[in-house]
């Protein structure tokens, strides 16, 4: 058994609203021949505000890749530890109880990974496994959960920590005038998230099955061009339509588990944009309300990349969780085009203790008889 416990999510203090984003686009790119198209696309995201690690004046500057990566490292070291501490508290564990750390990020680079720094600074054991994942983009949130699940399955009773750290604003490229890049300037936000997958005990989602799917020949639809100025985001206009080929993969994994993907109790998915959610509703045959937690993340924080699924899950917890044994699906989507999918049932520590007590009483009864 592996239980995905309550996540902790933190967003930076600097805020930029939709109207500010549109005003900046009009002033910075006044002569752009496709400005009207870019403005319309940004409006259609439904993102009301985003949080960024620097004031907007600093974000708009580009002092160089080296400088920005230094900011990434400094901000990660400042913002990740308190989020990790709260996630451990949510799970009722200490740092020394963690057997593996899965760290995901696509907006900065460190070697050794931040996992090594966390082990040295936060009291994790020196034999704690490190699993940094840097190149799965927005799908990495789902991948981190799946790799933690795999680890806890391979090592029964072990605990894994999942951390997602994304500072998308550090990838802003003022000289990149592609429409896809202009859209990303109004879509992506910054955030840090963490959650524990407990090998035994815990309240949350009892992870039961996971899977991956890659849409063939789409690896250049979402990508980075890595240049001297840093990461340049590339977004193909066909990306919003990718739920049509991905929805069957979600349905197939549910079918393998004996479930119907159209008849589950909760859905926690990556909110890359409103059409992603609209199309997923259509192709899975579930009401739009099923994705309310993901849509709330998109509206209030924007696309915070790998942290989206953890924030949507946080919102499910804050809404009171789900009924015991309620069935659900988690999915992250990103470059590849890749889907990372999990299936699980809601469980609580109290129910697990009751089940263990009942099992023990049954064994005792058989022994007495």
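Worth pointing out:
- Any hit, the range 62-72, residues being under 20 Å from the mean Cα position of the chain (by Cα), over 15 Å from residue 172 (Cβ atoms), in the same structural domain as residue 174 (by TED's automatic domain parsing) and at pLDDT 95 or above: no
- Complete set of residues in the range 160-177 that are more than 20 Å from residue 101 (Cα to Cα) and either outside the structural domain of residue 133 (by TED's automatic domain parsing) or over 14 Å from the mean Cα position of the chain (by Cα) (or both): 169, 170, 171, 172, 173, 174, 175, 176, 177
- Residue match in the range 188-208 (condition: over 16 Å from the mean Cα position of the chain (by Cα), buried (at least 17 other Cβ atoms within 10 Å of the Cβ) and over 30 Å from residue 76 (Cα atoms)): no
- Checked against (1) in contact with a strand residue (DSSP E or B) (Cβ under 7 Å, 6 or more places away or on another chain); (2) farther than 25 Å from residue 68 by Cβ, residue 138 passes all but condition (2).
- Of all residues making up the range 114-168, the number that are touching a helix residue (DSSP H, G or I) at 6+ places or on another chain (Cβ under 9 Å) and free of Cβ contacts under 8 Å to residues at least 12 places away in the same chain: 1
- Number of positions in the range 68-85 that are out of contact with any helix residue (DSSP H, G or I) (no Cβ under 9 Å at 6 or more places or on another chain) and either without any contact (Cβ under 8 Å) to a residue 12 or more places away in the chain or surrounded by 16 or more Cβ atoms within 10 Å (Cβ to Cβ) (or both): 5
- Odd one out for residue 180, checked against (1) touching a residue at least 60 places away in the same chain (Cβ under 8 Å); (2) in the same structural domain as residue 147 (by TED's automatic domain parsing); (3) surrounded by fewer than 21 Cβ atoms within 10 Å (Cβ to Cβ); (4) in contact with a strand residue (DSSP E or B) (Cβ under 7 Å, 6 or more places away or on another chain): (1)
- Single residue of the range 285-301 satisfying the filter (touching a strand residue (DSSP E or B) at 6+ places or on another chain (Cβ under 8 Å) and assigned to a helix (DSSP H, G or I)) that is farthest from residue 188 (Cα to Cα): 290
- Taken over the range 246-267, the criterion of being closer than 24 Å to residue 45 by Cβ, out of contact with any helix residue (DSSP H, G or I) (no Cβ under 7 Å at 6 or more places or on another chain) and without any contact (Cβ under 8 Å) to a residue 40 or more places away in the chain is satisfied by no residue.
- Conditions (1) at pLDDT 95 or above; (2) in the same structural domain as residue 242 (by TED's automatic domain parsing); (3) not in a strand (DSSP E or B): number failed by residue 215: (3)
The values are calculated or read from the model by the stated rules, or taken from the named source; none is laboratory data. This one's a predicted model, so the numbers in the text were calculated from it and none came from an experiment. Positions of Cβ are backbone-derived with ideal geometry, glycine not excepted, and every protein chain shown enters the neighbour counts.
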